[in-house]
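Contents: one structure, followed by commentary.
Values quoted throughout were computed directly from the atomic coordinates according to the rules given, and no laboratory measurement underlies them. None of the values given here were measured: they were computed from a predicted structure. Cβ placement follows ideal geometry from the backbone for every residue including glycine, while neighbour counts extend to all protein chains displayed.
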Amino acid sequence: MFKNVYNWIDERLDVTPIWRDVADHEVPEHVNPAHHFSAFVYCFGGLTFFITVIQILSGMFLTMYYVPDIINAYASVEYLQTKVAFGQIVRGMHHWGASLVIVMMFLHTMRVFFTGSYKAPREMNWVVGMLIFFIMLGLGLTGYLLPWDNKAYFATKVTLEIANSVPWLGPIIKEFLQGGTIVGAETLTRFFALHVFFLPAVLLILLVGHFIMIRRQGISGPL
Amino acid sequence: MSNQNEHHEPSHKPPGRKEMSRRQFLTYTLGGATAYMAAGAVLPMVRFAVDPILHKKGEGEFIKVVEESKITDEPQEFSFELKQQDGWYASTATLTAWIRKDEQGKIYALSPICKHLGCTVGWNNDKSFPDEYHCPCHGARYTKEGKNLAVAPKPLDTYKLKIENGWIYLGGVEPNTEVK
Amino acid sequence: MAHGNNSKEKVVYVGDSRVRKGNGFITPPDYTSYPGKSEAFIPNFLLKEWMVGVVVLVGFLVLTIAEPAPLWFPANPSASIIPMPDWYFLFLYQYLKLPYASGDYVVLGVIGVSGVAFGSLLLAPFLDTGKERRFYRRPIASSLMLLSLIACVYLTNSAWHHYKEEMAASGQIPENIQREEKAAENKAKGLPTTSANQQKEIAIVDKEDPAMESYKKAGCITCHAADMKGAAGPSLRGVGDKHNKEDILKIIKEGYEGKMPAMYDSAIAAGLTDKDIDHLAEWLSKQKAEQ
């Protein structure tokens with residue numbers, strides 16, 4: 001049954017080479033913890049991706065209840081966390097996952113740095129990886145404000161003051177992020193839009209680039 | 001880029017007919033691990049999303065509306081306030097009921113929401129059709145009992161009603177039971 | 001799953017392209033040249049990776065169940081809060097407090113040092129161009145990275161300590177803990193557990209009181225509406241929180257701040273007695289938001 005469906009599609013689209021490129025390849029010994037236990041450092045990239053998938057899913061589900069509006073944002077977050085079944089877990093996944101992604105990504109970056117894997121011909125992949133890192137930090141920053149509690153509010157005020165202290169462009173950046181003259185309704189909707197649409201879109205594009213390059217160039221050789 | 005495929009696992013012996021090969025075993029285990037991870041991550045979220053469906057619908061409370069003694073044969077309009085908790089949003093809806101006593105002295109309350117397209121009907125507000133409910137939107141008409149005479153497909157809904165200590169309490173809306 | 005036996009298979013590309021051939025691709029090392037030690041990605045290697053994944057997921061789920069995501073009190077611009085960014089920004093936050101990164105030197109702090117640090121991180125492959133990959137054979141790159149790591153750890157740590165000290169000095173308890181305690185307390189008392197600012201719909205107290213009739217008769221409803229929610233005049237629901245009986249009587253008799261005329265005489269003309277009005281004022285003073 002499955003075989004027939006697969007063949008039917010394959011006849012039309014020739015998908016075999018595509019998925020083989022993605023999934024069917026040999027993994028060398030030096031990254032395999034079964035042969036060298038120290039090779040576990042190579043798993044952090046995959047774990048980052050796994051947590052990122054959880055972040056995307058839990059974020060999608062959270063928007064079923066969340067409203068980006070200063071009157072209702074807090075109430076909706078409190079409602080989904082305390083009144084909705086599994087709300088504590090789903091919000092917990094998104095909250096703690098945000099930290100975990102940073103941890104995993106940091107470890108992955110360190111692995112790539114200290115094994116010198118960013119060297120030719122993989123320079124571009126390092127740059128893309130760093131851009132992913134910055135986007136993740138941006139996601140953390142914009143997501144922090146969304147519950148609209150005191151912690152979020154005051155941290156965001158400080159962040160915007162830091163942005164303001166950038167020479168020449170500072171006030172413009174600040175006002176762009178803030179959307180108005182105070183941290184308020186317009187700031188919240190802006191951060192929401194950045195957090196939910198703009199940054200994830202950029203993130204997905206960069207991730208696709210990251211993976212294509214990995215498959216194209218293979219894992220870096222043994223040291 | 002897939003000339004790596006040429007590699008052949010030397011330890012891999014062709015399996016017997018009925019036995020499971022190592023590769024198959026690994027594939028099944030991998031499938032199991034995948035399913036486990038997917039379920040572990042997604043099930044809480046799915047339960048979270050379907051929560052409104054699984055909520056017990058409350059019986060709906062009754063709200064004190066008017067003294068029984070004020071009700072006459074003629075339908076009278078009374079409004080009452082229903083407290084609603086809509087997720088995190090608490091609000092009060094002002095509802096209206098047309099209450100009258102029928103010939104046997106039984107009291108019933110009609111909802112003024114027209115069964116045609118949901119406008120609000122009024123009692124005796126069209127001079128050409130006296131003593132009828134009339135909907136200004138498309139001219140739907142109903143009798144005192146709420147029976148549909150024109151345009152509307154169904155009779156007007158009634159409120160659940162109970163009488164305690166001389167006061168009338170109204171509850172949720174239900175299909176009309178007065179019309180025979 | 002082509003894995004080995006089927007070596008004749010080739011990826012066939014569509015051959016009608018007019019794009020010129022380039023200089024060639026730096027072919028990555030072919031791991032099949034290490035016989036016996038490499039293994040298939042699916043299922044062998046991915047299974048190992050996902051064993052780790054399962055452990056991480058279980059640990060993660062346990063964390064989410066054990067430790068609810070913190071939520072503070074609703075944002076209140078006039079609250080006195082020691083602002084605290086998320087932990088992974090702490091190093092930057094602390095760094096920008098240093099004397100050479102703040103005040104007159106803020107440009108140096110914001111653009112100079114952090115710009116250089118993040119810029120060189122982004123462009124590391126173009127700064128460290130040697131062929132050597134082992135970290136102990138490229139001391140400059142490695143020691144710079146180690147130094148920045150130590151600096152980040154130190155800054156994060158001192159930011160955290162500073163925060164703890166400030167909290168202790170001002171005697172504050174983190175608000176998420178306060179909120180949870182308050183919710184637990186309210187729950188024990190059977191009150192709503194929410195901390196959200198709710199715009200409460202205030203109910204009319206004692207709706208069946210004869211004063212309600214006087215209220216309608218006296219003409220109050222023309223401005224304050226039949227449901228007391230207000231129209232031209234303000235809502236009278238919860239008016240008892242603002243004025244006591246004497247105030248209300250005075251307002252009825254003398255008007256209110258030039259916005260409301262004296263209504264006493266017209267109420268008498270409408271057939272109310274002085275006693276009715278006195279009772280009406282008393283009833284209005286009982287209109288309080290919530291007991």
In chain C, taking the dipole from +1 charges on Lys and Arg beta carbons and -1 charges on Asp and Glu beta carbons about the Cα centre, the listed residue (C:161, C:41, C:284) farthest towards the positive end is C:41
Expressed as a whole number, the average count of other chain Cβ atoms within 10 Å around the Cβ atoms of A:27-36 is 6
For chain B, longest principal axis from Cα atoms; helix B:22-49 axis from its Cα atoms; angle between them, nearest 10 degrees, is 20 degrees
With +1 on the Cβ of every Lys and Arg and -1 on the Cβ of every Asp and Glu, the dipole magnitude of the range C:87-189 about its Cα centre, in debye rounded to the nearest 20, is 500 debye
Relative contact order of the range A:1-97 (C-alpha contacts under 8 Å, at least 6 apart) in percent is 19 percent
Taking a crude spin-label model, label points 7 Å out from Cα along the C-beta direction, the residue C:51 to residue A:197 distance in nm is 4.6 nm
GNM on chain B, Cα springs under 10 Å; top mean-square fluctuation among B:133, B:89, B:169 goes to B:89
Across A:46-54, the residue-averaged tally of Cβ atoms belonging to other chains within 10 Å stands at 4
For the range C:161-291, the Kirkwood Rh over every pair of distinct alpha carbons, in Å, works out to 17.6 Å
TM-like helix rule applied to chain C (DSSP H, alpha carbon span at least 27 Å on the long axis, mean Kyte-Doolittle at least 0.0) gives C:46-66, C:139-170
Checking B:130, B:155, B:112 against a Gaussian network model of chain B (alpha-carbon springs below 10 Å), the top fluctuating residue turns out to be B:130
Note: B:87-100 gets an average of partner chain Cβ contacts (10 Å, Cβ to Cβ) equal to 4
Among B:165, A:113, C:63, the residue whose Cα sits farthest towards the positive end of the charge dipole of the protein assembly as shown (+1 at Cβ of Lys and Arg, -1 at Cβ of Asp and Glu, taken about the Cα centre) is A:113
Calc'd 3J(HN,Hα), the range B:109-117, phi into Karplus 6.51 cos²θ - 1.76 cosθ + 1.60 (θ = phi - 60°), Hz, glycine/Pro = x, comes to 10, 9, 7, x, 7, 4, 7, 7, 10
Over all directions, the protein assembly as shown yields a Cα convex hull whose mean projected area in nm² is 48.6 nm²
Whole-number value, in Å³ per residue, for the convex hull of the alpha carbons of chain A is 191 Å³
Fraction of alpha-carbon pairs in the range B:75-180 farther than 19 Å apart, rounded to whole percent, equals 45 percent
Mean projected area, convex hull of alpha-carbon positions in the range A:2-84, reported to one decimal in nm², is 10.7 nm²
To the nearest 10 degrees, the tilt of helix A:87-114 (Cα long axis) against the first principal axis of the alpha carbons of chain A is 50 degrees
In deg cm²/dmol, rounded to the nearest 500, the helical mean residue ellipticity at 222 nm of the protein assembly as shown, built from -39500 (n - 2.57) for every DSSP H run of length 4 or more, is -14500 deg cm²/dmol
Taking Cα pairs closer than 8 Å and at least 6 residues apart, the relative contact order of chain A in percent is 21 percent
With the 8 Å Cα cutoff and a minimum separation of six or more residues, the range C:210-286 has a relative contact order in percent of 36 percent
Computed for the protein assembly as shown: size of charge dipole around the Cα centre, +1 on C-beta of each Lys and Arg, -1 on C-beta of each Asp and Glu, debye to nearest 20, value 2760 debye
Quick shape summary for chain B, equivalent ellipsoid via Cα gyration tensor, semi-axes whole Å in descending order, reads 67, 20, 15
Given A:5-16, C:40-51, B:62-73, the highest-first ranking by average Cβ count within 10 Å works out to C:40-51, B:62-73, A:5-16
Largest fluctuation, B:97, B:39, B:140 only, Gaussian network model of chain B with Cα springs under 10 angstrom, belongs to B:39
Classified through the alpha carbon gyration tensor (a ≥ b ≥ c as square roots of its eigenvalues; rounded if a/c is under 1.5, else prolate when a/b is larger than b/c, else oblate), the range C:210-286 comes out rounded
Scalar couplings 3J(HN,Hα) for the range A:194-207 by Karplus 6.51 cos²θ - 1.76 cosθ + 1.60 (θ = phi - 60°), nearest whole Hz, x for Gly and Pro, are 4, 5, 9, 10, 5, 5, x, 4, 4, 4, 5, 4, 5, 4
For chain C, the dipole about the Cα centre with charges only on Cβ (Lys and Arg +1, Asp and Glu -1), to the nearest 20 debye, works out at 1840 debye
Sorted by chain and number, the residues with a modelled amide H under 5 Å from that of residue B:66, at a separation of 5 or more or across chains, are B:168
Taking R0 as 60 Å and r as the Cβ-Cβ distance between residue B:138 and residue C:144, the FRET efficiency 1/(1 + (r/R0)^6), rounded to the nearest 0.05, comes to 0.15
For the range C:142-269, the charge dipole (Cβ of Lys, Arg +1; Cβ of Asp, Glu -1; about the Cα centre) points to a positive end, and the Cα of C:222, C:171, C:191 closest to that extreme belongs to C:222
Two pseudo-spin positions, 7 Å from Cα along C-beta at residue A:64 and at residue B:91, lie apart in nanometres by 2.2 nm
